[in-house]
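Colleague: The structure under discussion is supplied below as structure tokens; questions concerning it will follow.
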Amino acid sequence: NNSGSGGSGDNYSPPPAGGSSFTVTATAYCLGGTTATGMPVGRGIIAVDPRVIPLGSRVHVSGYGDAIAADTGGAIQGNRIDVWLPCNDAYAWGVRTVTVTVY
């Protein structure tokens, strides 16, 4: 794992070419547990509407980095995602508009 110092938001490297990009509303969360696909929650795990982003997709989220679409949620409908962050970072993230690239 090459996550560096773990600072959130300083990794603005552009995503690799070849994916489809669109804008979504991203909310951060810091709950523990297991995702809809059985993976433990943690950094790099996002919750999606599988009709928009298929579960298991590799994605790049602007301001967050690379992630796997591994979870769903009742409030995650349409162009919304949840990104997992440690609680202090999640509170700082809040809700923001981001660009998601799906590979």
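Colleague: With a 1.4 Å probe and every protein chain kept in, tell me what percent of the accessible surface of the stretch 31-103 is carbon plus sulfur.
Modeller: 54
Colleague: Take residue 58 and residue 98, extend 7 Å from each Cα along the Cα→Cβ direction, and tell me the distance between the two endpoints in nm.
Modeller: The answer from the label model is 1.8 nm.
Colleague: Next question. Show me the trypsin sites (Lys or Arg not before Pro) within the stretch 21-80 that DSSP assigns to loop and that have at most 11 other Cβ atoms within 10 Å of their Cβ. Intermediate values should be presented prior to the final figure.
Modeller: Values: sites: 43, 51, 58, 80; in loops: 43, 51.
Hits after loop and neighbour filter: 51.
Colleague: So how much accessible area does residue 27 have, in Å² to the nearest 10, using a 1.4 Å probe?
Modeller: In the full protein context, residue 27 sits at about 30 Å².
The values are calculated or read from the model by the stated rules, or taken from the named source; none is laboratory data. Since we're looking at a predicted model, the values are computed, not measured. Every residue, glycine among them, receives a Cβ derived from its backbone with ideal geometry; neighbour counts consider all protein chains shown. Only protein heavy atoms, including side chains, enter the accessible area calculation; ligands, DNA and RNA are left aside. Shrake-Rupley method; radii C 1.70, N 1.55, O 1.52, S 1.80 Å.
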